[in-house]
Amino acid sequence: MSKKPWHLDRRTFIKGLGVACMLPYFESMALSGVSKFLEPVKPKRLCFLYFPNGVGLPPRESAFHKSWNWFPEGEGSNYKLTNSLSPLQSHRNDISIMGGLSHPYSRKVLGHIAGDTWLTGGDLRGEYKNSISVDQVAAEKLSRYTRFPSLSLSTDGGVGYKSRVSTLSFNSSGRPIPSEHRQREIFERYFSPNGGGSTNERRKSIHQGKKIVDLVLEDSKSLQKRLGANDTMKLDEYLTSLNQVEEQVKRNEKWLNVPMKEFDASLINMDVDPTDAPQDYVRSMIDLMVLGFQTDATRVMTYMMAREDGMGFGDNFPKIALKLKGHHSISHDKTKGHWEDWGRLDQWYAKQFAYFIDKMKNTKDENGSLLDNTLILYGSACSSTHNARNCPLVLAGGSNLGVDHGTYTKFNEKEVPMSNLFVSMLNKIDVPTDKFSDSTGKLPSIL
């Protein structure tokens, strides 16, 4: 059979895809550590920690309400934490608890799908059309100061699939950015002191990477005239991905001769087994995040500690750590005493968040405590099972950025969408904007 002019060589195309997949794992991509090569700029950072399936909210008439309701009793500065958030008690002056915030579009979809929009505020009603996440808006602005624009982490890695993603980050086209979860690989890729080889070896690797990217881009563009509409769209996505790789290769070259900040990673367990010690696993990832900020490798990070709807390994954390049911099963449980089970899981997650706050607070750089120059948002996309309203949220850090902490604030859902919080957070880290997603302005308090 003769080959038509519009037929693609399958072997060549697979080879092209293979190169695209390899590029992020080039040795040059393992360059790490950051020392500013631009004008001195006091670092301002942004970080997001996510847990799925909402929180335990026993009704007021329940005997468990005062002990295990996630939201505190009272409001303002005199609020009282329940057992669920008790691990945060020692950090009251560094946190603000928020209620009433949510994304208007997400209120109309099944709760678990709202996890895809936690940082985007995107409209997933009907056709799935997500939008850029707030961390990537920040990364576009802050990446000029760091070796890596952002770090997207999770317990499962990859992107998952639509409505059940395993990442919090979405690019300017609303497409998910793969997260990373293998801690030793993360360390070696981003924090290896010598980048895995000598400067000459790394420079050679970088140039090889540039040549491969250029070749693939050139070959891919030559296909455009031979493709239909759907394939053209897929090719555009492919080229966008390659362009991002090319930018990172160029970035690596620019940072090649910049000395790395000194650090001590001897206490980070790179080989912890999550099936045996989930708390150690989560805290090892947190240690890597602190290291990333300490070395100024990036100023933007996200960490999805577990996925929605019982998907992924994180659903097993309560089974292993607390001898309870899976996380998703707990969120649907109706048996006697289930509110305490859910509350104990909420408390377990709060302990990990408290650990992060403590590490950031006690880790210093030339500008003082890392926490003081970092805004950290901790929370979930749902308040309770399948209810994408009244998101449980805790904002921490940023005392040098003008944040007024120490309160529990209930916002009016009809007046203040969650995207207003993102506008204010972006402004505090010197990313000027008066609009993000469906925002109507800035947050009226705290920030």
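The values are calculated or read from the model by the stated rules, or taken from the named source; none is laboratory data. Note that the structure is a prediction, hence the values are computed from the model and not measured. Every residue, glycine among them, receives a Cβ derived from its backbone with ideal geometry; neighbour counts consider all protein chains shown. Side chains included, ligands, DNA and RNA excluded: accessible areas come from the protein's heavy atoms. Shrake-Rupley method; radii C 1.70, N 1.55, O 1.52, S 1.80 Å.
A few notes on this one:
- Among 180-186, 108-114, the order from most to least packed when residues are scored by Cβ within 10 Å on average: 108-114, 180-186
- Surface composition of segment 74-199: carbon and sulfur make up 47 percent of the accessible area, probe 1.4 Å.
- Separation of the alpha carbons by more than 28 angstrom is noted, of K361/K428; K108/K435; K323/K361; K108/K334; K108/K351; K66/K428, for K323/K361; K108/K351; K66/K428.
- Applying the Karplus relation 6.51 cos²θ - 1.76 cosθ + 1.60 with θ = phi - 60° to segment 348-365 yields 3J(HN,Hα) values of 4, 5, 4, 4, 5, 5, 4, 4, 5, 4, 4, 5, 5, 5, 9, 9, 10, 10 Hz, where x marks Gly and Pro.
- Counted residue by residue at 0.36 nm each, then reduced by the alpha carbon distance between them, the extension gain from K364 to D280 reaches 28.0 nm.
- Derived scalar couplings ³J(HN,Hα) [segment 105-121; Karplus, 6.51 cos²θ - 1.76 cosθ + 1.60; whole Hz; x for Gly, Pro]: 5, 6, 5, 9, 10, 4, x, 5, 5, 4, x, 5, 10, 4, 9, 10, x
- For segment 254-371, the Cβ-based charge dipole about the Cα centre amounts to some 280 debye (Lys, Arg positive; Asp, Glu negative; other atoms uncharged).
- Residues whose placed amide H lies under 5 Å from that of D365, excluding near-sequence neighbours: L370
- In this structure, the amide hydrogen of F48, modeled 1.01 Å from its nitrogen in the peptide plane, lies closer than 5 angstrom to those of M301, T302, Y303, L377, counting only residues at least 5 positions away or on a different chain.
- Apportionment of accessible area to carbon and sulfur, segment 358-447, percent (1.4 Å): 42
- Amide hydrogen proximity for H103: with H placed 1.01 Å from N in the peptide plane, the residues at 5 or more positions away or on another chain lying under 5 Å are M418.
- Inter-part distance, segment 64-123 to segment 124-185, computed on C-alpha centroids, equals 22 Å.
- Extension gain, R184 back to D231 (0.36 nm per residue minus Cα-Cα distance, nm): 13.2 nm
- Each Cα pair under 8 Å and six or more residues apart adds its sequence gap; the mean of these over the residue count of segment 106-185 is a relative contact order of 29 percent.
- Each of I320 and D264 was given a label point 7 Å from its Cα along the Cα-to-Cβ line. The distance between the two points is 2.8 nm.
- Derived scalar couplings between HN and Hα for segment 426-442 equal 4, 4, 5, 9, 6, 10, x, 6, 10, 8, 8, 6, 9, 5, 10, x, 9 Hz in order, rounded to whole Hz, by the Karplus curve 6.51 cos²θ - 1.76 cosθ + 1.60 (θ = phi - 60°), x for Gly and Pro.
- Cβ crowding within 10 Å averaged over residues, with 127-139, 294-306 ranked highest first: 294-306, 127-139
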